[in-house]
Structures are given as C-alpha cells and as structure tokens.
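The block underneath contains the structure these notes are about, expressed in structure tokens.
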Amino acid sequence: MTTTPALDPGRAAALVDGLVADLAGADVPASVSAHRTLHRSRRAAALGPLVVPVSRMAGLLDALDADRASEPVDLVLVADRGLVEAAEARAVLLDDDRVALLGLHLTLPTDGPLGDSARLTLDSLDFALPAAVGVPAAPGWEQALDVLAEDGAEQALLALTSRGPSAEHVAEFVVACVRRGVSFAVVGAAASAFPGLLAATAAALDGREPAHVAAVLLADDPAVALAVLADADPRAVRRRLTSIGSSDAGGTLAHLVSLGLLAEAEA
C-alpha cells in the first residue's frame with residue numbers, strides 16, 4: 001500500500017464539512033430517527049441533509065408527528081413523482097418549523113434531446129429552492145450541462161447505481177462540470193467512493209484530462225486519492241462538488257474517520 005502523509009486537519013475538515021447527504025430508506029421514520037442520532041454524534045460535522053423522495057411524504061410527516069425533538073431536520077426533497085407533486089410537498093413543508101427545507105433533486109426526462117429537456121425543466125422551476133438537476137448518462141448529456149452553465153442558478157446531479165454509469169463517464173462528467181463552472185452533487189455512492197470523488201474533482205480543477213481523472217476514481221488504494229487531496233484547495237473542490245449522497249450515512253462517516261478525513265468532535 002502506498003504511504004501517504006495524513007491530510008492537514010484544517011484541509012480535511014473543509015473537504016468533508018456537510019459532505020454526506022443522508023438518503024432516506026423505505027422506512028422513513030427509522031431514517032429520520034437515525035439521522036437525528038448521527039446529527040447528535042461526534043461525527044456530525046460531515047453530515048449533510050436528509051434526502052427524502054416526495055413519494056414517501058406520508059412517512060416523513062408521520063415521523064415528524066411522532067418525534068418531539070425541537071431541532072428541525074435539514075431536508076432535501078426528491079421530485080420522484082414529478083414537479084407538480086414536488087410543489088405540493090414544498091407547500092406543505094415550507095412553513096413547518098420541524099424541517100429546514102434546503103433543496104430539491106429532480107431528474108431530466110429522456111424522451112427527447114437532453115438539452116431541450118434541461119431548458120424546459122429550468123423554465124418550469126418555480127420553487128424558490130436550490131435545485132440539483134439529474135443529468136442521465138445518455139446521448140446529449142453535455143448539452144444539458146451547457147444549459148445548466150448558461151442558466152447559472154442550479155447545479156447538476158449525477159446518480160450512481162450498481163449498473164453504472166462507468167468510471168469513465170463519471171470522470172467525463174466531473175471534468176465537464178468543472179470546465180463549465182457548474183457545481184454538482186452525486187447520489188448513491190458507496191463509502192469507499194467518497195475520497196475518489198473528491199480527488200477526481202480536485203484533479204479536474206487542476207486541468208487533468210478525463211482519462212487521468214478516471215484512473216483516480218478506479219484506484220483501489222485510498223492513498224492515491226488522499227495524495228491528490230493533500231495538494232488540493234478544499235474550498236475550490238467543495239464549490240464544485242457540493243455533496244455526496246449515501247444510503248449508509250453512518251457507515252460513510254465511520255469510513256471518513258478511518259481515513260483521517262473526519263475528526264470526531266470531543267464528547
């Protein structure tokens with residue numbers, strides 16, 4: 001294994017501050033409870049918002065009704081049932097002091113050119129909420145990023161699943177976002193992928209080509225990513241890569257601790 005000096009604590013803290021978005025599972029009340037526990041833990045500095053699909057609003061409201069905690073839950077909604085239902089959910093939650101509604105995730109439809117879909121989607125957004133626009137790994141994805149860059153108000157979103165996209169596409173996406181000045185979020189990443197995604201963003205900011213960025217992503221040894229991050233500007237990295245969503249936020253926080261990227265707060 002490559003030997004890599006530990007990252008400077010200040011640099012590491014800036015890299016992971018609020019980085020880990022917590023993707024709610026099917027049991028939303030359990031997810032809310034687990035999120036609150038993590039928020040009170042010594043690893044809370046790297047914890048971002050809870051991300052809940054609109055289709056699970058009933059479970060969210062049940063969880064809020066059953067939970068007497070006074071601190072609001074930082075929340076991002078996923079428009080998995082379209083923008084109309086997302087707007088209705090926003091209206092329900094906007095004045096609910098049990099949540100702090102921070103943003104919206106949506107995905108571009110693929111039934112037409114993605115550039116046109118991006119324009120129509122942005123024209124339809126009237127949420128007064130920051131949006132992360134999912135850009136599918138389909139022909140025309142670069143044109144969709146062009147539209148987001150021209151608009152300048154919203155960020156891109158890349159979804160990772162067990163079936164893809166490939167590391168090569170992820171690298172091309174990261175480089176394309178950086179070169180266009182588009183901020184982006186990632187969802188569905190395994191804990192082991194977090195250092196590589198941060199390092200890939202740093203490499204793209206350093207002007208590296210997609211093949212080099214893909215090699216950083218594919219490296220089995222986390223020391224490769226940590227070596228890249230040791231020389232990176234953490235604030236520049238996080239201006240582009242705003243969050244990474246995990247379905248195992250607790251495990252991800254533990255992994256960041258094990259790599260020296262996250263320091264546990266004093267009890």
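The values are calculated or read from the model by the stated rules, or taken from the named source; none is laboratory data. From a predicted model like this one, the values you see are computed outputs, not experimental measurements. So basically every Cβ, Gly included, is an ideal-geometry build from the backbone, and we count neighbours across all protein chains shown. Each accessible area value is taken on the protein alone, full model and side chains, heavy atoms only, with ligands, DNA and RNA left out. Shrake-Rupley method; radii C 1.70, N 1.55, O 1.52, S 1.80 Å.
List of remarks:
- Pick from region 77-97, criterion part of a loop (DSSP other than H, G, I, E, B) and either open to solvent by 80 Å² or more (accessible area, probe 1.4 Å) or modelled with pLDDT under 95 (or both), ranking: farthest from GLY25 (Cα to Cα): ASP95
- Every pair of residues 6+ apart whose Cβ atoms lie under 7 Å, when the first sits in region 247-267 and is among the aliphatic types (A, V, I, L, M) while the second is in a helix (DSSP H, G or I) and open to solvent by 80 Å² or more (accessible area, probe 1.4 Å): ALA263/PRO9
- Within region 37-59, none of the residues are in contact (Cβ under 8 Å) with a residue 24 or more places away in the chain, open to solvent by 20 Å² or more (accessible area, probe 1.4 Å), in contact with a Ser or Thr (Cβ under 8 Å, 6 or more places away or on another chain) and part of a loop (DSSP other than H, G, I, E, B).
- Scanning region 60-76 for residues that are over 19 Å from the mean Cα position of the chain (by Cα) and crowded, with 22+ Cβ neighbours inside 10 Å, we see that the one that is nearest to ALA21 (Cα to Cα) is LEU60.
- Of all residues making up region 98-112, the number that are surrounded by fewer than 17 Cβ atoms within 10 Å (Cβ to Cβ) and in contact with a helix residue (DSSP H, G or I) (Cβ under 7 Å, 6 or more places away or on another chain): 1
- GLU71 vs. criteria out of contact with any Cys (no Cβ under 7 Å at 6 or more places or on another chain), acidic (Asp, Glu), in a helix (DSSP H, G or I) and under 22 Å from GLY103 (Cβ atoms): no
- If the condition is being closer than 23 Å to ALA24 by Cβ and in a loop (DSSP other than H, G, I, E, B), then region 98-127 contributes ARG98, LEU108, LEU125, PHE127.
- Residue count for region 121-148 under the criterion of being surrounded by 14 or more Cβ atoms within 10 Å (Cβ to Cβ) and closer than 14 Å to ALA79 by Cβ: the result is 10.
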